[in-house]
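The values are calculated or read from the model by the stated rules, or taken from the named source; none is laboratory data. Being a predicted model, the structure only gives us computed values, none of them experimental. Quick reminder, even Gly has a Cβ in these numbers, built from the backbone with ideal geometry, and neighbours come from all protein chains shown. These accessible areas exclude ligands, DNA and RNA; they are computed on the full protein's heavy atoms, side chains included. Shrake-Rupley method; radii C 1.70, N 1.55, O 1.52, S 1.80 Å.
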Amino acid sequence: MSIKEYMTHDHRECDNLYAPLEEALNGGDFEKALELFVPFKEAMLRHFAMEEEVLFPKMEEFIGSGEGPIYVMKMEHAQIKSIIDQLGEAIEKRDQQKALGLGETFMIMTQQHNMKEEQILYNMAEQLPMDKEAILQQMKEVKA
Amino acid sequence: MFTGLSLDQAPPFEAPLRFFLSAPLFGAAAGVFILFFASAGYLLSPDTLVIVHLYTLGFLGMVMIGALQQMLPVLAGVKLPRPLPLSAIIHTALIIGTISLCLSFYGKEIFAAIAAIALSVALIGFGTVTLYELFRADFSSATVSAMRLALVSLLITAIAGVILLLILNGYLETDFQKTLLIHAAAGLFGWISILIAGVSYQVIPMFYVTSEFPAPLKKSFHLVLFLSLIVISIPSMVFNNHLALLAPLFLVAFFALASFKLFQNRKRKITEPTIEFWYLSIGSILAALLDGIWYALYPTDGALWIAGVLIIYGFVVSLIIGMLYKIVPFLSWFHLSSKGVFDIPTMKEMIDQKWAKIHLYLHIVTLILLLTSFYYEPLFKPAGLAMIIENLILLKNLLGAAKIYFAKKDEKGFEFPPPNI
C-alpha cells in the first residue's frame with residue numbers, strides 16, 4: 001500500500017465515522033451523538049498527528065519548511081480542529097441547529113482540504129526520494 | 001515543480017463572487033423579458049434565443065467560470081494568474097457580450113459585432129488561459145482530464161457561436177443548421193455536461209460520503225462523451241439530423257443514473273436542499289431522454305422545446321443552484337476563517353435552509369410552467385414571474401452569506417485585496 005492509498009483510505013474512514021454522528025444529531029439523539037463524537041474526534045486527531053508528526057517533517061527535509069504547501073495544510077488542520085472543538089461544545093449544550101451547522105461547515109472544510117492532499121500533497125510525497133515503507137510504518141504506529 | 005499549492009492558493013473571494021452574484025440577476029432578467037416582452041411557442045425565434053442565452057451565458061456561464069477559478073487550485077493545484085484583474089476582465093466582457101448578443105438577435109449588426117468581440121474575450125480568452133494552465137498541471141486525474149475536454153468544448157461552442165453570428169449577419173454562407181447543431185451539442189453535452197461529470201467525480205463522494213464512481217466509468221466517461229460529440233458531428237454534416245443528439249443525451253442520462261445510485265447508498269443520510277436540487281437535476285435529464293426518444297418516434301417542435309427546457313432549466317440550472325448553496329456560504333466562511341476570525345456563523349446560519357427550500361419549490365413551479373407553456377401559452381407569463389421571484393430569492397440567499405463576509409471583514413479591517421495580487 002502506498003502512502004497516498006493509506007492516507008486516502010484513512011480520510012474515508014474519518015468520513016464514515018462522521019456520517020452516523022450527523023445522523024444522530026439530525027434525529028436529536030444527543031446521547032448517541034456524544035458517544036459517536038469520541039471515536040470520530042480521535043480518528044481525526046490521529047490522522048492529523050500522522051501527518052504533522054511523521055509525514056510532514058520528512059517531506060520538509062526535501063522541500064523545506066516556510067510558507068509552502070505543508071504550512072497551508074497545517075493551518076487548515078488548525079481550522080478543522082477548531083470546528084471539531086466547537087462541534088463538541090454544541091453537542092454538550094444540546095444545541096441541535098448549531099451542531100448541524102458546524103457539522104456542515106466541518107464537512108465541506110475537511111473535504112476541500114482532503115482534495116488538496118489527495119490530488120496534490122500525497123502525489124508529491126510519492127514522488128520524493130524518501131523511504132516510504134518506513135514512513136508508512138511509522139505513521140501506522142501513531143496514536144491519537 | 002510543486003508551485004501550485006501556495007499560501008494564497010485560494011483566489012480572493014471577490015474574484016468568483018462577482019460571477020456568482022451576477023447569475024441570479026441574469027436569471028431575473030430572463031424572467032422580466034418573458035413577463036413583459038417575449039412570446040411563447042417558437043423554437044428559434046429571437047425571443048427564445050434571448051431567453052436561452054440569458055441563461056446559458058448569463059447564469060450558467062457566469063457560475064461555471066467563477067466556480068472553475070475557485071476549483072482549479074483545489075482540484076488541480078493550478079492557480080490562474082492575477083485572479084482579481086483576470087476575473088474583472090472576463091466578467092465585464094461576459095456581461096457586455098451577453099447583453100449585446102441578446103440585442104443582436106433583433107437585427108442590429110453593431111451589437112453582433114460587439115457580442116462577437118466581447119464573448120471571444122470572455123470565453124475564448126478564459127478557455128485558452130485555463131487550458132494552458134491545466135496542461136501545465138503537475139498532476140493529472142480524471143477530473144483534470146474532464147476539465148480539459150470541457151474547456152476544449154467551450155472553445156468549440158464559442159467559435160461555432162461566433163460563426164453563427166457571422167452567418168446571421170450575412171458575412172458567411174456556411175450551413176446555419178449544421179453549425180447550430182455543433183454549437184448546441186458542444187455547449188450542452190461538451191462544456192456543461194463534461195464539466196459536471198468531472199466535478200461530480202470528486203464532489204459527490206466527498207460531500208455526501210458516498211462510495212466512489214466505478215473506476216472504469218471515471219476513467220472513460222468524459223472521453224466517451226467527448227468522442228460521441230465528434231462522431232455525431234461528422235454524420236450530422238452529411239445528414240443534418242438532430243436525432244444524432246440522442247447519443248450524448250443517452251450517455252449523460254446514464255451518468256445521472258450512476259450518480260443517483262451513489263446518492264441512494266450514501267453514508268451521510270441527512271437530506272438537505274442541495275441533494276433535492278441534485279435529484280431534480282437527475283430526474284430532468286432522465287425525462288429529457290424519454291422525451292428525446294418520443295421525438296425520434298414522433299418529431300414535433302413541442303418535443304424539442306421540452307427537451308431544451310428539461311436539459312437547461314431542469315438538469316443544469318437545478319444542479320448549479322444546489323452547488324451555489326454549498327460554495328458561496330463555504331467560501332464566505334473559509335476566507336474569514338483563514339484570516340483568523342473565529343466567531344463566524346456556521347454554513348447553515350449563513351443561508352436559511354427554509355429559504356433554500358422555498359427556492360426549490362419555486363424552481364419546480366417555474367420548470368413545470370416553462371415545460372407546459374409551449375402547448376398552453378397563457379402559462380408563459382406566469383413562468384416569467386415565477387422565474388423573477390425564484391432568482392430574487394437566490395440573490396437574497398447568496399447576498400446573505402456574502403454580507404456576513406463583508407461585515408466581518410470591515411469589522412476586523414483586513415488588508416484587502418492581499419498585497420501579492
Kindly state, to the nearest 0.05, the FRET efficiency for residue A:92 paired with residue B:215, given R0 = 60 Å and r defined as their beta-carbon distance. 0.90
In degrees rounded to 10, the 0-90 angle between helix B:246-264 Cα long axis and the longest Cα principal axis of chain B is 40 degrees
Across the alpha-carbon set of chain B, Rg over Rh with Rh taken as the Kirkwood radius works out to 0.95
Distance check, please: which entries in A:98/B:396; A:116/B:412; B:326/B:357; A:41/A:93; A:116/B:348; A:98/B:269 exceed 20 angstrom between their Cα atoms? A:98/B:396; A:116/B:412; A:116/B:348
Given the whole protein assembly as supplied and a 1.4 Å probe, what does the accessible area of residue B:305 come to in Å², nearest 10? 30 Å²
In whole Hz and in residue order, list the ³J(HN,Hα) couplings for segment B:108-122 that follow from phi through the Karplus curve 6.51 cos²θ - 1.76 cosθ + 1.60, θ = phi - 60°; x for Gly and Pro. 8, 5, 4, 5, 4, 5, 4, 4, 4, 5, 5, 6, 5, 4, 5
Just the ratio, please: alpha-carbon radius of gyration of the protein assembly as shown over 2.2 N^0.38 Å, N its number of residues. 0.98
Applying 1/(1 + (r/R0)^6) with R0 = 35 Å to the Cβ-Cβ distance of residue B:172 and residue B:257, what FRET efficiency is obtained, to the nearest 0.05? 0.30
Note to self: Kirkwood Rh of segment B:295-338, Cα pairs, one decimal, Å, is 12.8 Å
Mind checking the log10 I(q)/I(0) for segment B:1-116 at q = 0.13, 0.21 Å⁻¹? Debye, one equal scatterer per Cα, no solvent, two decimals. -0.57, -1.07
Please list the equivalent ellipsoid semi-axes of chain A, computed as the square roots of five times the alpha-carbon gyration tensor eigenvalues, in descending order and whole angstrom. 31, 15, 12
Under the Karplus relation 6.51 cos²θ - 1.76 cosθ + 1.60, θ = phi - 60°, what is the ordered set of whole-Hz ³J(HN,Hα) values for segment B:89-95, x standing for Gly and Pro? 5, 5, 4, 4, 5, 5, 5
Nearest-ten-degree value, helix A:132-141 long axis tilted from longest Cα axis of chain A: 30 degrees
Which trypsin sites (Lys or Arg not before Pro) from segment B:211-294 combine a DSSP loop assignment with at most 11 other Cβ atoms within 10 Å? none
Place +1 on the Cβ of every Lys and Arg and -1 on the Cβ of every Asp and Glu in segment B:14-404, take the dipole about the Cα centre, and give the residue among B:48, B:167, B:293 whose Cα lies farthest towards its positive end. B:293
Straight-line reach from residue A:58: which lysines have a Cα under 17 Å away, not including same-chain ones fewer than 8 places off? A:4, A:74, A:132, A:140
In Hz, Karplus ³J(HN,Hα) per residue of segment A:49-61 (6.51, -1.76, 1.60; θ = phi - 60°; x = Gly, Pro): 5, 4, 6, 6, 8, 10, 5, 4, x, 5, 5, 5, 4
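Could you work out the helix-only [θ] at 222 nm for chain B, with each DSSP H run of four or more residues adding -39,500 (n - 2.57) and the total divided by the number of residues, to the nearest 500 deg cm²/dmol?
Working: 17 runs with 300 residues, N = 421.
After summing the helix terms and dividing by residue count, I get -24000 deg cm²/dmol.
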Using a cut-off of under 17 Å, list every residue of segment B:281-311 whose amide N is near the label point 7 Å from the Cα of residue B:42 along the Cα-to-beta-carbon line. B:301-302, B:305
Cα centre as origin, Lys/Arg/Asp/Glu Cβ charges: segment A:3-141 dipole, Debye: 160 debye
Long-range amide H partners of residue B:210, meaning residues 5 or more apart or on another chain whose placed amide H is closer than 5 Å, are B:267
Using a cut-off of under 19 Å, list every residue of segment B:309-325 whose amide N is near the label point 7 Å from the Cα of residue B:290 along the Cα-to-beta-carbon line. B:309-316, B:318
Taking 0.36 nm per residue of separation between residue A:2 and residue A:130 and subtracting their Cα-Cα distance, the length gained on full extension comes to 44.9 nm
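How many partner chain Cβ atoms sit within 10 Å of a residue's Cβ in peptide B:242-251, on average, as a whole number? All intermediate terms of the calculation are to be shown ahead of the outcome.
Values: counts 0, 0, 0, 0, 0, 0, 0, 0, 0, 0.
Average per residue, whole number: 0.
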For helix B:142-168, what angle does its Cα long axis make with the longest principal axis of chain B, in degrees from 0 to 90 and rounded to 10? 50 degrees
On the formula 1/(1 + (r/R0)^6), with r taken between the Cβ atoms of residue B:339 and residue B:376 and R0 of 60 Å, the FRET efficiency rounded to 0.05 is 0.65
